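So the structure is just underneath, and the comments pick up after that.
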Amino acid sequence: MQAVILAGGYGTRLSEETTVRPKPMVEIGGMPIIWHIMKTYASHGINDFIICCGYKGEVIKEYFWKYSLYASDVTIDLRDPNNEIQIHQRTTEPWKITMVDTGLKTLKGGRIRRIRDYLEGDTFCLTYGDGVSDINITDLVSFHNGHNALVTLTAVQTKGRFGAFKLAGDSTEVRDFREKPTTDAAWINGGYFVVDRKAVDYIGDDSTDWEIGPLEVLSKEGNLQAFKHTDFWHPMDTLNDKNALETMWQNDEAPWKVW
């Protein structure tokens, strides 16, 4: 099975980091967040990736082109006119990575449509390149296969930004105070999908988004299922998000590290 990663956006809300690199290449623990996402899939046996590149896509391509070199012991004989490299020990993951230029201004749906010729099989995984989770990909795929729908999304609940409480009637007495509760929060799209290839036909062109349009139509048809994930999920939308994830990693408290 393949995993498609959307990695072409500008990442403007994280401009402190994304002026020189695309958002999926922002590092957590010295490794790009896209690497963390790929490790999650790989821990469930998915090692074939398609990366939808766009803004500064050359940074992603160059990184994985040199990845094997960075992760290996090598000998370079400068006396050799061919400058051949001898690799002694390779510690890279057994990944196949297809990186596709899907356009600078293409919306998410358009990016998915642009990589359809690289898809193998009838079903593929899909996610954004800026969020980590301890989601069980194997269970997600099994859930999708057990339901008659073209797309399954992962539903998550985020912790509220503020403490919540109830007042006793019209009085000022506080009842049931909870700091940043999650149980009453709405379910939102967590970004880990399983997609039937037929769903790509719902995407028009480069100007078609994924959530606005295709998912709306699929939901009205009864072709969209939700896999509820109640454990860890964290986006990296802002510098505060990035710093929070970095702190978790440095303190060896990164729930998404399932490998």
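The values are calculated or read from the model by the stated rules, or taken from the named source; none is laboratory data. Note that the structure is a prediction, hence the values are computed from the model and not measured. Reconstructed Cβ throughout: ideal geometry from the backbone, glycine too, with neighbour counts over all protein chains shown.
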Worksheet item: Do you know which of the residues in the stretch 51-71 that are farther than 17 Å from His36 by Cβ and free of Cβ contacts under 8 Å to residues at least 24 places away in the same chain is surrounded by the fewest Cβ atoms within 10 Å (Cβ to Cβ)?
Response: Lys66
Practice prompt. Could you tell me which numbered condition Thr19 fails, if it satisfies all but one of (1) more than 22 Å from Gly190 (Cβ to Cβ); (2) buried (at least 17 other Cβ atoms within 10 Å of the Cβ); (3) out of contact with any strand residue (DSSP E or B) (no Cβ under 9 Å at 6 or more places or on another chain)?
Written response: (2)
Fill in: Scan of the stretch 228-240 for residues that are in contact (Cβ under 8 Å) with a residue 12 or more places away in the chain and part of a helix (DSSP H, G or I), ordered by number
Leu239
Practice prompt. Among the residues of the stretch 71-102, count how many are acidic (Asp, Glu) and touching a helix residue (DSSP H, G or I) at 6+ places or on another chain (Cβ under 7 Å).
Written response: 2
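Working only within the stretch 29-50, note down all residues that are of a type in the set (Val, Ile, Thr) and surrounded by fewer than 20 Cβ atoms within 10 Å (Cβ to Cβ).
Hit for the stretch 29-50 is Ile46, nothing else.
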Discussion item. With the structure loaded, tell me whether Thr127 is in a strand (DSSP E or B), closer than 21 Å to Pro32 by Cβ and of a type outside the set (Asp, Glu) or whether it fails that test.
Written reply: yes
Worksheet item: Condition test on Ala3, is it farther than 18 Å from Leu104 by Cβ, among the aliphatic types (A, V, I, L, M) and either surrounded by fewer than 21 Cβ atoms within 10 Å (Cβ to Cβ) or in contact with a Ser or Thr (Cβ under 6 Å, 6 or more places away or on another chain) (or both)?
Response: no
Discussion item. Scan the stretch 72-90 and tell me whether some residue there is touching a residue at least 24 places away in the same chain (Cβ under 8 Å) and either of a type in the set (Gly, Ala, Ser) or in a loop (DSSP other than H, G, I, E, B) (or both).
Written reply: no
Practice prompt. Note down all Cβ pairs under 6 Å where the first residue falls in the stretch 136-149 and is modelled with pLDDT of 95 or more, the second is of a type outside the set (S, T, N, Q) and in a loop (DSSP other than H, G, I, E, B), and they're at least six residues apart or on different chains.
Written response: Ile137/His44; Thr138/His44
Practice prompt. Kindly indicate which of Lys105, Lys180 is closer than 29 Å to Pro255 by Cα, out of contact with any helix residue (DSSP H, G or I) (no Cβ under 6 Å at 6 or more places or on another chain) and either outside any helix (DSSP H, G or I) or at pLDDT below 95 (or both).
Written response: Lys180
Item to complete: Give the residue that is surrounded by the fewest Cβ atoms within 10 Å (Cβ to Cβ), with candidates limited to residues of the stretch 108-124 that are part of a loop (DSSP other than H, G, I, E, B) and hydrophobic (A, V, I, L, M, F, W, C).
Response: Leu119
Item to complete: Name every residue in the stretch 81-102 that is surrounded by 10 or more Cβ atoms within 10 Å (Cβ to Cβ), modelled with pLDDT under 85 and not β-branched (Val, Ile, Thr), in order of residue number.
Response: Gln86, Arg90
Discussion item. I need a count of the residues in the stretch 1-51 that are part of a helix (DSSP H, G or I) and of a type in the set (Val, Ile, Thr).
Written reply: 6
Worksheet item: Is it fair to say Thr230 is farther than 27 Å from Thr138 by Cα and of a type outside the set (D, E, K, R)?
Response: no
